[in-house]
Every structure is written in C-alpha cells, then in structure tokens.
Ligand code: SF4
C-alpha cells in the first residue's frame, strides 16, 4: 500500500468514513484480538507507516516508528509556522514533572514493576518446562487420544501464554499513567480527569484479571511448577485488590465499547 503519512490520514477523516472517534483511547492495544479494527483510525495508521503483521520484526517496527515520528515532527513544524506558534517557547513543565515523580515513586508502580519482573524471570527460566508441555501434547496425539480434545488443550494453553505475555508489560505502563494523571493538577476538567484516570486503571485491572485466569490455566497444566505459579497468582490477586483501593471507582467504571 502506498504510504501517505499524516496528511493522508487527515484526508481520510475528511472523506465519509466509519471510524469511531478516539476509540483507541479506551483499548488495550491488542489489535490482533480487537473487533473494531475496521473502525479505528489508529489501526489504519499502522498501514500508513508500514507496520506489518507479516513482518513484526524489531527492525521493521523501529523503521516504521522512526518514519512516523519524523513525519509527525515535520507536520507539527509546518502547522506551527502557519499558525504563528513558537515551538521553542519555554513551557512550565513543573506540574507535569512533579506528577511524574510522584507516579514513578508510588508503591503501586513499584508493585506492577515487580509483577513485570516476576513474569519476565518466569518466561526466561521456564523454556524447558514449556517445551516439555508442548512435547506432552504431541505425545498424546501420537498415542491416539481424542484429537479434538488435544487441540482444545493446545489452544487453551497457547492462549494463556499469549494473554500473560500481552499484559505483563502493559499493566505497569497503564498504572503509571493512571497515577500520573491523578497527580497532575493542570487539568481543569474534573470529568475529563476522572475518565482518563479510570480508563488507564481499568485497562490495567482487566489485564490483571485476564492474566489471573491465564495463570490459573497454566497452573492446571504445569504441575511441576505449581509452587512458583501459586506465588505469582497470590501476587496478582493482591495487586488487583490494591488497584481497586487506589482507584475506588475503577471496578464500576465502564469504558465505551470495551466493558
Ligand atoms: S481500538 Fe482496537 S484496533 Fe484500534 S488500536 Fe485499539 S486494539 Fe487496535
């Protein structure tokens, strides 16, 4: 597809389209599992910049990100010039910086980072166990056990791994974002702040809940690692409670389209 960059996207918005305005602000970014791809401008942008599901190599992704930022930066400079805005003008960032510091040093940020480390270490040290489980599935198939049942088990197992992998980095990013927004005083609009804080916290909470279910699935399969998995389950369960304490409205809060 011919790349048209940011101007192409703006043109696209001027034409009749089916996009849902700002839907990408409420999602967990897992486009491969999203039912709104056809209606999401953000998803459409991926193709404008060459993000490609068939080539999700780091090199291709970094090239696309770099191209996107350079295009965006050029666009901003041109627009600022047209509107007489001085992009070099000093802006008071103290409120932003204070909020950032408070969010970064908050116990919940530390705890979500600890969860990230637990999972990262688990994946790095459990390659053998995961290979062994895959061999078990193959062995069951070779022994002539019910094929459909084995396939369901394989799907369930793979899904649990994918869910854990998707959310273990996202949870800490979203919690940090929710805390940052909560501590920043520069927003006058309380309703906007409420929605921003709870949207980020909700994405993290849903990620924790889905991960909890996924770990329970792995617990059923990986008997020889049940102690470690139990530790992670207990940690995640506590994290969910603490997220709900820090963000008392998050459990009831509903994101448009996704809850
Ligand atoms: S709304 Fe769906 S398609 Fe759009 S960015 Fe989010 S996950 Fe991806």
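Quickly run through the stretch 81-92 and pick out the residues that are farther than 21 Å from residue 186 by Cβ and in a loop (DSSP other than H, G, I, E, B).
84
Among what's in the stretch 142-153 and is assigned to a helix (DSSP H, G or I) and more than 19 Å from residue 217 (Cα to Cα), pick the residue that is nearest to the chain's Cα centre (by Cα).
147
Yes/no matrix, rows are residues, columns are (1) in contact with a helix residue (DSSP H, G or I) (Cβ under 7 Å, 6 or more places away or on another chain); (2) within 28 Å of residue 242 (Cα to Cα); (3) outside the structural domain of residue 240 (by TED's automatic domain parsing); (4) part of a helix (DSSP H, G or I):
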{"residue": "72", "(1), (2), (3), (4)": "yes, no, yes, yes"}
{"residue": "79", "(1), (2), (3), (4)": "no, no, yes, yes"}
{"residue": "108", "(1), (2), (3), (4)": "yes, yes, no, yes"}
{"residue": "121", "(1), (2), (3), (4)": "no, yes, no, yes"}
{"residue": "137", "(1), (2), (3), (4)": "yes, no, no, yes"}
{"residue": "140", "(1), (2), (3), (4)": "yes, no, no, yes"}
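Which of (1) touching a residue at least 60 places away in the same chain (Cβ under 8 Å); (2) touching a helix residue (DSSP H, G or I) at 6+ places or on another chain (Cβ under 7 Å); (3) in a helix (DSSP H, G or I) is the odd one out, the single condition residue 95 does not satisfy?
The one condition residue 95 does not meet is (2).
Give the stretch 142-161 a look and list any residue that's touching a helix residue (DSSP H, G or I) at 6+ places or on another chain (Cβ under 8 Å) and under 25 Å from residue 208 (Cα atoms), or say none.
153, 154, 156, 157, 159, 160, 161
Among the residues of the stretch 17-28, is there at least one that is farther than 28 Å from residue 208 by Cα, within 16 Å of the ligand (Cβ to nearest atom) and surrounded by fewer than 13 Cβ atoms within 10 Å (Cβ to Cβ)?
So far as the stretch 17-28 goes, yes, one or more of its residues are farther than 28 Å from residue 208 by Cα, within 16 Å of the ligand (Cβ to nearest atom) and surrounded by fewer than 13 Cβ atoms within 10 Å (Cβ to Cβ).
Among the residues that make up the stretch 18-37, is at least one of them free of Cβ contacts under 8 Å to residues at least 24 places away in the same chain and more than 20 Å from the chain's Cα centre (by Cα)?
yes
Listed here are the residues, each with its yes/no results for (1) touching a strand residue (DSSP E or B) at 6+ places or on another chain (Cβ under 8 Å); (2) within 26 Å of residue 97 (Cα to Cα); (3) buried (at least 19 other Cβ atoms within 10 Å of the Cβ); (4) in the same structural domain as residue 29 (by TED's automatic domain parsing).
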position	(1), (2), (3), (4)
183	no, yes, no, no
197	no, yes, yes, no
216	no, no, no, no
234	no, no, no, no
240	no, no, no, no
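Step by step: first the residues of the stretch 42-83, then only those that are within 16 Å of the ligand (Cβ to nearest atom) and exposed (fewer than 12 other Cβ atoms within 10 Å of the Cβ), then the one that is farthest from residue 12 (Cα to Cα). Which residue is that?
56
Take the residues in the stretch 29-41 that are assigned to a helix (DSSP H, G or I) and near the ligand (Cβ under 6 Å from one of its atoms), then tell me which one is nearest to residue 66 (Cα to Cα).
Among those that are assigned to a helix (DSSP H, G or I) and near the ligand (Cβ under 6 Å from one of its atoms), it is 31.
The values are calculated or read from the model by the stated rules, or taken from the named source; none is laboratory data. Quick caveat: nothing in here was measured; it's all calculated off a predicted structure. We place every Cβ from the backbone using ideal geometry, glycine too, and count neighbours over all the protein chains shown.
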